[in-house]
Each structure stands twice: as structure tokens, then as C-alpha cells.
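Enquirer: Before anything else, here's the structure in question.
The values are calculated or read from the model by the stated rules, or taken from the named source; none is laboratory data. Computed from a predicted model, the values in this text were never measured in an experiment. Note: ideal-geometry Cβ built from the backbone for every residue, glycine included; neighbour counts use all protein chains shown. Side chains are part of the model used for accessible areas, which takes the heavy atoms of the whole protein and leaves out ligands, DNA and RNA. Shrake-Rupley method; radii C 1.70, N 1.55, O 1.52, S 1.80 Å.
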Amino acid sequence: MERAEAYGFSGALSGAFLLSCLLFAAVSRRQRGPYMDEVFHVPQAQAYCHGRFLQWDPMITTLPGLYLLSVGVVKPAAWLLGWTGSVVCSVGMLRFINLLFSAGNFYLLYLLLFKIHQKNKAVSGFQRILSALTLAMFPTLYFFTFLYYTDPGSVFFTLFSYLMCLYGNHKTSALLGFCGFMFRQTNIVWTVFCAGNVVAEKLNEAWKIELQKKKDEKISSRKGSFSDLIRTLQFLVEYLISPKNLVTLTALTWPYILLVSLFFVFVLINGGIVVGDRSSHEACLHFPQLFYFLSFAVFFSFPHLLTPAKIRKFLLSLRKHPVQYSLITVISLFLIWKFTYVHKYLLADNRHYTFYVWRKVFQRHELVKYLLVPFYVFAGWSFADTLKSKSIFWILMYFVCLLAVTVPQKLLEFRYFILPFLIYKLNIPVLSLYRQLLELAFYILVNAVTFYLFLNRTFQWENSDEVQRFMW
């Protein structure tokens, strides 16, 4: 890192942290007590603070990583600073843990951008800093910096694990992946993703050799047609059934294999992936979740995914491959018809944005969910098109992980999209300066509206005296 870039990054990180501290103070003043899921998280952390490690709230569905880490940070800090009484493990102190995670996420995002795009000399240090700042301000993640939720810590350990994987420190990566798993069980998918990075790299090397032997076209030109995909999948199967290749891959990825094995042992002993209340977190094949995620990605990446050039390119592709797109459309319609689920929380809880998205869009008419299919097809094509700089094996691996982390979820919840979206944004080409500034301005605007609604547009339910607030 050059000196000017180091100063610029330090300034951006310090400025973002100062802004977050000011927002943190505003949120803490307006909402002093636990809100929403904090009603479960805060008392659980406070029980751990008082040494009651066997106490567990059955309504909590995640493992106790957040509470254990909070106690490990707050208790020594309280001892060093002489804090006593109610201030130790208070709501404000516990929320402050996520403010620290937010700063850590900013730093990790910058390091990941530096590592992933280090070969691209056209990307300046200022662009890397601006990209890291934009992703750190990503609205769905940034909002939960100010509440005691698992999201900032879950993102921190997953990004840290991914960074260590890219640097080849696979044992450290797996250990950090375990920490991420302790925050949220579905993070095991991103452990598989890290292992998949290693496998994809080896496959890409072998694929290049295969093409060179056949004196064929370069890899990037072989992503365009269905026949090329079939040939690639055939090579993939042949490579993976070779005992020699399997031994090599196992030797490289054994820390991840060990962690995934421990995950399956946990699922077997626990009787499922969810701890605590399982009635509202049943797994199902909710394929439209993929379509919702793609729409979410287009909305938050519109300077990259929703441009006139993209639309023209898509229409050209549509004209060249009408049969393939027709087949994709039919499959999408079928998946929506047979696999659309509506969670009771989505219909009942009017504090979440998803409630209004569902009511204002999907509940307007029964046919709306089908009429959106052309947009889903465009969103999927545009999303995949921005990843064309990656190898075909990396793309396949990422989409398998994307399906694994979204499809089994019955509840439409934007928080579930945070990690797949960040991984995607880290791996696509860095935007031009103009588009980066446009995206950052958009994120700031969305954050400003969200915090204004949360802090100032309160309301009450008829059967409750508690103040309710709008949130993600």
C-alpha cells in the first residue's frame, strides 16, 4: 500500500467510524431498550455476562457465538476501565460490539478488494478505498451495526475466512469459518465456498492444459453456449472421479472438510440445523428466493447491472438464443408456480420492508409473480454477465453456494442476502469512478431514509403500548 493510499484509507475508515458513532448515539437515545430480536439476544448475552452459561432462551435459533464473544470483549474492558454495575453488558455496550465489527468489516472489504483485483493495474488506490467504503455502507448490513444482531459479526468472520483462504492460510480460514458458523449456522456454506475456491483454481489450471492440448480457444470464449457448458461439466466430472486428483484436492482442503464433517455431526446430534425454536424456521425448496435475490442485487447494483448498454446486450443475446431463453422462462414459471411459499412473518409483521414489498407488489394480483419472470431472466443474465471475468468453475461453485444459502429459506428476509451479495460485489470488476460515486450516493440516500423512518416515524399496534419502528 502506497503512503497516499494508506493515508486515504485511514481517513475514510476514521470518518466512517466517526459517522457511525454519531448515528450510534442517536439510535441509543431514541431506542434505549431492546428492540425486535434484541429482546432475545440481549438477555441471553447478559445471562452469559453473569456466568449463567447453561441458561438458554428457546426462541433463539442461532449458536451462541455472538454472546460468547461479547462477554470476552466487554468483561475485560470493564475490568480495565473500572466499570461496574448496570453499564457492564448494558444494551448500549452490547450494541457497541457491532460498531467494532463494522469497522473491521470495512478493513476486511478493503483487503479483499486489494487481493482480488491486485493484477488489475487500472484500478487505483482511490477506487479501492471508495469501493470498500461503499460496501461498508451497504444499507442492509449497515443498519444492523446499531442493533445487537448477529449480522455484523457473521459477516466479519466470513470475510476474514475468505481473505485467509485467498492467501492460502486454509487452517486459519477454517478456524475463522467455525467462528462464523457459531454466529449463524448457514455460514457453513461459505466454508464450502472457500474450499470451492481452491478446487476451482486447480480445475482452471487443468482446464487450460486441456485446451492447450486440443489447441482450442481460450477459456473466456467458452462460456457462451450450452454445448460449451456441457463439455465443461463433462471435464469437471472426469477430473473429480480421478483418485489422484481427489487425493490432491483433499490434501489442499482438509481443514474445510473437517469443519463440514463437524457440521454434519452437529446436525445429526441436534436433529436439524436450527437450535431453539424451529417452528418458524422450517427448511423447504423455495426456488423463487433466487429470483428475489437477483432482484435485490439489481436494485443495489443498478449502476453496474441496470444500464442501457446492459439492456441492449441482453436483447441481442435474447435474439441470438431464443430457444434457450424460452426454456429458462418456462422453468422459471414452473418454479414460481410450484415452489412459492409465503411465511407467516412476511404477512403479519408490518415493521419490516419486506412486508410492504410483498403487499405492494406481489399481493396486487395473483399474476404479478409470473409477470415478473422476464425481469428475473434479465437480472440473472446481467448478474452472470458481470462475473464473466471469473473462471467457469468459480462461477459454477458460487452459484451452487448461492442456491444453498437462499433456496432452503422459507422467509423472505433481506438479511439473508447480505453475504452472497458482498461476495458477488467483491469479485466483479471495479466500477468507474463516476458509477462508484453514484452507487455510494445511492447507499447513503437509502441509509438516510432508513434511519429517518426508524428514528422518527414510529407507530403503535392496537393491542400493544410499545413503540414500533420501521426497519429492514
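Enquirer: Given the conditions (1) open to solvent by less than 20 Å² (accessible area, probe 1.4 Å); (2) within 15 Å of the chain's Cα centre (by Cα); (3) farther than 30 Å from Leu23 by Cα; (4) of a type outside the set (Ser, Thr, Tyr), report the number of the one that Leu422 does not fulfil.
Expert: All conditions are met except number (3).
Enquirer: Inspect the stretch 355-367 for any residue being of a type in the set (Asp, Glu) and more than 20 Å from Phe302 (Cα to Cα) and give the result as yes or no.
Expert: Taking every residue of the stretch 355-367 in turn, at least one turns out to be of a type in the set (Asp, Glu) and more than 20 Å from Phe302 (Cα to Cα).
Enquirer: Also, I was wondering about something else. What number of residues in the stretch 397-419 are open to solvent by less than 10 Å² (accessible area, probe 1.4 Å) and within 26 Å of Ala206 (Cβ to Cβ)?
Expert: Final tally of qualifying residues: 3.
Enquirer: Does Tyr345 count as over 29 Å from Ile230 (Cα atoms), in a helix (DSSP H, G or I), in contact (Cβ under 8 Å) with a residue 24 or more places away in the chain and open to solvent by 50 Å² or more (accessible area, probe 1.4 Å)? Step through it out loud before you land on a result.
Expert: Values: over 29 Å from Ile230 (Cα atoms): yes; in a helix (DSSP H, G or I): yes; in contact (Cβ under 8 Å) with a residue 24 or more places away in the chain: yes; open to solvent by 50 Å² or more (accessible area, probe 1.4 Å): yes.
Against the criterion (over 29 Å from Ile230 (Cα atoms), in a helix (DSSP H, G or I), in contact (Cβ under 8 Å) with a residue 24 or more places away in the chain and open to solvent by 50 Å² or more (accessible area, probe 1.4 Å)), Tyr345 qualifies.
Enquirer: Given the criteria open to solvent by 60 Å² or more (accessible area, probe 1.4 Å), out of contact with any His (no Cβ under 6 Å at 6 or more places or on another chain) and assigned to a loop (DSSP other than H, G, I, E, B), does Trp56 qualify? Please lay out each step first, then the result.
Expert: Details: open to solvent by 60 Å² or more (accessible area, probe 1.4 Å): yes; out of contact with any His (no Cβ under 6 Å at 6 or more places or on another chain): yes; assigned to a loop (DSSP other than H, G, I, E, B): yes.
Here the answer is yes, as Trp56 does meet what is asked.
Enquirer: Next up: Restricting attention to the stretch 76-95, and to residues there that are more than 16 Å from Arg32 (Cβ to Cβ) and aliphatic (A, V, I, L, M), which single residue is modelled with the lowest pLDDT?
Expert: It comes out as Leu81.
Enquirer: Sticking with this structure for a sec: Looking at the stretch 127-159, which of its residues are of a type in the set (Val, Ile, Thr) and more than 14 Å from the chain's Cα centre (by Cα)?
Expert: Selection gives Ile129, Thr134, Thr145.
Enquirer: Part of a helix (DSSP H, G or I) and free of Cβ contacts under 8 Å to residues at least 12 places away in the same chain: which single residue out of Val39, Val73 fits that description? It would help to see each step written out before you state the result.
Expert: Working: Val73 fails: free of Cβ contacts under 8 Å to residues at least 12 places away in the same chain.
Only one candidate qualifies: Val39.
Enquirer: On to the next question. For the stretch 104-212, which helices (runs of 4 or more DSSP H) that fit wholly inside it have 3 or more residues that are more than 19 Å from Pro429 (Cα to Cα)? Spell out how you get there, then give the answer.
Expert: On the way: elements: 125-136, 139-143, 151-166, 170-183.
Qualifying helices (runs of 4 or more DSSP H): 139-143, 151-166, 170-183.
Enquirer: For the stretch 351-388, enumerate the residues that are outside any helix (DSSP H, G or I), in contact (Cβ under 8 Å) with a residue 60 or more places away in the chain and of a type outside the set (A, V, I, L, M). Before the answer, list the steps.
Expert: Keep residues of the stretch 351-388 that are outside any helix (DSSP H, G or I), which gives 351-352, 363-367, 372, 386-388.
If we keep only those that are in contact (Cβ under 8 Å) with a residue 60 or more places away in the chain as well, we get 351-352, 372, 386, 388.
Correct list: Arg351, His352, Thr386, Lys388.
Enquirer: If I filter the stretch 375-396 for residues that are open to solvent by 30 Å² or more (accessible area, probe 1.4 Å), at pLDDT 95 or above, touching a helix residue (DSSP H, G or I) at 6+ places or on another chain (Cβ under 9 Å) and closer than 30 Å to Tyr148 by Cβ, do I get at least one hit?
Expert: Within the stretch 375-396 (the criterion being open to solvent by 30 Å² or more (accessible area, probe 1.4 Å), at pLDDT 95 or above, touching a helix residue (DSSP H, G or I) at 6+ places or on another chain (Cβ under 9 Å) and closer than 30 Å to Tyr148 by Cβ), the answer is no, since none of the residues qualifies.
Enquirer: At least 2 residues that are modelled with pLDDT of 95 or more and open to solvent by less than 30 Å² (accessible area, probe 1.4 Å) in each: list the helices (runs of 4 or more DSSP H) lying fully within the stretch 251-325 that qualify. Spell out the reasoning first.
Expert: Details: elements: 288-300, 302-305, 308-320.
In the stretch 251-325, 288-300 are the helices (runs of 4 or more DSSP H) which contain 2 or more residues that are modelled with pLDDT of 95 or more and open to solvent by less than 30 Å² (accessible area, probe 1.4 Å).
Enquirer: What single numbered condition from (1) open to solvent by less than 70 Å² (accessible area, probe 1.4 Å); (2) in a helix (DSSP H, G or I) fails to hold for Arg435?
Expert: So Arg435 meets the others, but not (1).
Enquirer: Okay, moving on. Only one residue in Ala16, Ala45, Ala12 is open to solvent by less than 40 Å² (accessible area, probe 1.4 Å), farther than 30 Å from Ile444 by Cα and assigned to a helix (DSSP H, G or I), so which one is that? Give the steps one after another, and end with the answer.
Expert: Values: Ala16 fails: farther than 30 Å from Ile444 by Cα; Ala12 fails: farther than 30 Å from Ile444 by Cα.
When all the criteria are applied, what remains is Ala45.
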